[in-house]
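Trainee: Would you mind keeping the following structure in view while I ask a few things?
Nothing in this text is a laboratory measurement; each read-out follows from the coordinates by a stated rule. Values in this document were obtained by computation on a predicted structure and should not be read as measured data. When we count neighbours, we look across all protein chains shown, and the Cβ atoms used for this are built from the backbone with ideal geometry, even at glycine.
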Amino acid sequence: MIVVTGATGHLGKLVVEGLLEKLPADQVVAAVRTPEKAADLAERGVEVRRADYNDPESLVTALKGADKVLLVSGSEVGRRVAQHQAVVEAAKQAGVRHLVYTSAPRATTSALVLAPEHKATEELIEASGLAATILRNNWYHENYAETIKQAVQTGSFAGSAGDGRVASATRADYAAAAVAVLTGEGHEGKVYELAGDVTWTYADLATEIGKATGRETTYVDLPSDEHAKALTQAGLPEPVVGLLVALDANTKDGLLAETTGDLRALIGRPSTPIGVTVAEIAGTL
């Protein structure tokens, strides 16, 4: 039995869908904070269990009888270590044979602003003694959806990433990698650095948006302080502004630029180019 946490989230839902293409529904458990949101999965024969990262008791119940567990990292930055620890402890208690965790690029050594919580989680997993696989997912194309929408409508977007490159892929690509690990053999003890095959800059992104819309699109590169000012004027809250500017600085420093063959090897095909996602988003507007 395979339990997927966060199974109604963007990534978790795609993993469940991928598992259902390979396994009978009664071998898949969707562990979710709000079971009502997984009614469609329940109708298809998937067992839905309540699992709240902030409620350790619910996690013990959700993972009962699990053979393999996919721990999709939580979305509450600053609270994730304690949340993930609760899942790891529940997995130990349940006698889980294989734990798979979605981490961040080079989590244990990177200066990436989001790396520390992933580093701490990887250390917790290692200390637990559970057989585990770490999927260090690079950025998702979908992280840039709002930027793409804005640029489609206005013909430009701003940032502070300079010529920094991004080795992103789609959520579906990373979900397919998780499915491959959960349904395959010999992945225990491995750390996979998952990234897109082709890296791109914000200027390249502007070019792709221009191709999709048929009009010239420009990327305006700003100093970090001016970028922060622009985001603040656009009405974004201070913590979000700080995070976005820090991520652009990380991008400028090349922390998202590493591309490896791990993703392509796991999914058995090239990763999805950023231009495909840009065209899909532009087509919805």
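Trainee: Using modelled amide H (1.01 Å from N, peptide plane; none on Pro or chain starts), what sits under 5 Å from the amide H of A161, excluding residues fewer than 5 places away?
Mentor: Here the answer is L222, since their amide H atoms fall under 5 Å of that of A161.
Trainee: A follow-up question, please. What is the distance in Å between the Cα centres of the stretch 55-112 and the stretch 146-183?
Mentor: For the stretch 55-112 versus the stretch 146-183, the Cα centre distance is 24 Å.
Trainee: Kirkwood-based Rg over Rh for the chain (C-alpha set), two decimals?
Mentor: Taking Rg over the Kirkwood Rh, I get 0.98.
Trainee: I've got another one for you. When only C-alpha pairs under 8 Å and at least 6 residues apart count, what is the relative contact order of the stretch 100-256, in percent?
Mentor: About 32 percent, as a whole number.
Trainee: Take E36 and E238, extend 7 Å from each Cα along the Cα→Cβ direction, and tell me the distance between the two endpoints in nm.
Mentor: Modelled inter-label distance: 3.5 nm.
Trainee: Now, a different point. Would you mind giving the three semi-axes, in whole Å and largest first, of the ellipsoid equivalent to the stretch 28-141 according to its Cα gyration tensor?
Mentor: 24, 16, 13
Trainee: From a point 7 Å beyond the Cα of V77 in the direction of its Cβ, which residues of the stretch 247-268 have a backbone N at a distance under 12 Å?
Mentor: Under 12 Å, as judged by backbone N against the label point of V77, lie 247-250 of the stretch 247-268.
Trainee: Can you work out the PRE-style zone for R215? Point 7 Å along Cα to Cβ, and I want the residues of the stretch 117-148 with backbone N under 18 Å.
Mentor: 147-148
Trainee: Something else: Consider all pairwise Cα distances in the stretch 31-94 and report the whole-number % of them above 14 Å.
Mentor: The share of Cα pairs beyond 14 Å in the stretch 31-94 comes to 56 percent.
Trainee: Could you calculate the contour length gain from D26 to D225, that is, 0.36 nm times the residue separation minus the distance between their Cα atoms, to one decimal place in nm?
Mentor: 66.4 nm
Trainee: Given an 8 Å cut-off on Cα distances and at least 6 residues of separation, report the relative contact order of the chain as a percent.
Mentor: Reported relative contact order: 18 percent.
Trainee: Taking H as built 1.01 Å from N, whose amide H comes closer than 5 Å to the amide H of E47, not counting residues under 5 places away?
Mentor: Counting only residues 5 or more places away or on other chains, the set is V28, A30.
Trainee: Suppose R0 equals 45 Å. What FRET efficiency, 1/(1 + (r/R0)^6) with r the Cβ-Cβ distance, do D163 and M1 give to the nearest 0.05?
Mentor: The computed FRET efficiency comes out at 0.45.
Trainee: Taking 29 Å as the cut-off for C-alpha to C-alpha distance, list the pairs among K22/K149; K119/K149; K92/K252; K119/K252; K64/K190; K68/K252 that go past it.
Mentor: K22/K149; K119/K149; K92/K252; K68/K252
Trainee: So if a site counts as exposed when it's one of the GluC sites (Glu not before Pro), its DSSP state isn't H, G, I, E or B, and it has at most 16 other Cβ atoms within 10 Å, what's the longest stretch of the chain without one?
Mentor: Here the longest segment lacking exposed loop sites spans 77-184.
Trainee: Fewest Cβ neighbours within 10 Å first, please rank T284, T8 accordingly.
Mentor: Sorted ascending by nearby Cβ count, the order is T284, T8.
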